[in-house]
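Undergrad: Handing you a structure now.
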Amino acid sequence: MGEDAHTFNPAEEGLFELQAPSDSSGGIQTRNFTSSLSGWAPGTIKESRHWADNDYTEIQFTGCTMIGAAGHSVGVKLWQAIPFGQDKDMGVKTFTNCFKGSNDTSKGAWNVHYNGGDNRYFTIAELNGSQYTRAHVSVKKVYVDTTAAD
């Protein structure tokens, strides 16, 4: 038999293992997480891991660097995953501060609710304001916060 195409390979760039811990009611609990990015660009098939959320999402990038161009900005696009349908584009936030130094942080918040799906993920929509570039961005620390309370 051939190789199982659905096997998770942690060494494959751009893929994150999906985590789905359950809460006491048996549903998927919201969960903040920390990660990093290496060599991401607009128009590639890379997307972040999916997380349970359908109201508030804050994404923070700390320590952004760009290869192939001077790093000025990265456009982060949030998506609402819609099972058996087209995912909902929730808009782009432009991050600039994270390029100032390795400990500088940019953040964007989306406070929107969509019916039909309860998982979110993000992609890189643009670098330095362009969708069409050969540049790639790396981020030392990515933090996703799923609660407005903190």
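Undergrad: Can you list residue pairs whose Cβ atoms sit under 8 Å apart, with the first residue in region 123-150 being over 23 Å from Ser102 (Cα atoms) and the second being polar (S, T, N, Q)? Count only pairs 6 or more apart in sequence or on different chains.
TA: Once the first residue is over 23 Å from Ser102 (Cα atoms) and sits in region 123-150, its partners that are polar (S, T, N, Q) give Thr146/Thr30; Thr146/Asn32; Thr146/Thr57; Thr147/Thr30; Thr147/Asn32; Ala148/Asn111.
Undergrad: Hey, among the residues in region 62-100 that are in contact with a strand residue (DSSP E or B) (Cβ under 7 Å, 6 or more places away or on another chain) and basic (Lys, Arg), which one's surrounded by the most Cβ atoms within 10 Å (Cβ to Cβ)?
TA: Lys93
Undergrad: What are the residues in region 32-57 that are of a type in the set (Asp, Glu) and open to solvent by 30 Å² or more (accessible area, probe 1.4 Å), if any? Spell out the reasoning first.
TA: Let us first name the residues in region 32-57 that are of a type in the set (Asp, Glu), namely 47, 53, 55.
Passing the criteria: Glu47, Asp55.
Undergrad: Tell me, yes or no, whether region 102-117 has at least one residue that is on the phi > 0 side of the Ramachandran plot, open to solvent by less than 40 Å² (accessible area, probe 1.4 Å), outside any loop (DSSP other than H, G, I, E, B) and not hydroxyl-bearing (Ser, Thr, Tyr). Steps first, please.
TA: At the first step, the residues of region 102-117 found to be on the phi > 0 side of the Ramachandran plot are 116.
Now drop any that are not open to solvent by less than 40 Å² (accessible area, probe 1.4 Å), which leaves none.
Within region 102-117, not a single residue is on the phi > 0 side of the Ramachandran plot, open to solvent by less than 40 Å² (accessible area, probe 1.4 Å), outside any loop (DSSP other than H, G, I, E, B) and not hydroxyl-bearing (Ser, Thr, Tyr).
Undergrad: Shifting gears a bit: Scan (1) surrounded by fewer than 14 Cβ atoms within 10 Å (Cβ to Cβ); (2) of a type in the set (D, E, K, R); (3) modelled with pLDDT of 95 or more; (4) within 18 Å of the chain's Cα centre (by Cα) for the single condition Glu17 breaks and write down its number.
TA: Evaluating Glu17 over (1) surrounded by fewer than 14 Cβ atoms within 10 Å (Cβ to Cβ); (2) of a type in the set (D, E, K, R); (3) modelled with pLDDT of 95 or more; (4) within 18 Å of the chain's Cα centre (by Cα) leaves (3) as the failure.
Undergrad: Take Ala135 and decide whether it is open to solvent by 40 Å² or more (accessible area, probe 1.4 Å), out of contact with any helix residue (DSSP H, G or I) (no Cβ under 8 Å at 6 or more places or on another chain) and not basic (Lys, Arg). Give the derivation first.
TA: On the way: open to solvent by 40 Å² or more (accessible area, probe 1.4 Å): no; out of contact with any helix residue (DSSP H, G or I) (no Cβ under 8 Å at 6 or more places or on another chain): yes; not basic (Lys, Arg): yes.
Taking the combined requirement at face value, the residue does not satisfy it.
The values are calculated or read from the model by the stated rules, or taken from the named source; none is laboratory data. Remember, it's a predicted structure, so these values are computed and weren't measured experimentally. For neighbour counting, all protein chains shown are included, and Cβ atoms are generated from backbone atoms with ideal geometry for every residue, glycine included. Keep in mind that these areas ignore ligands, DNA and RNA; they rest on the heavy atoms of the full protein, side chains included. Shrake-Rupley method; radii C 1.70, N 1.55, O 1.52, S 1.80 Å.
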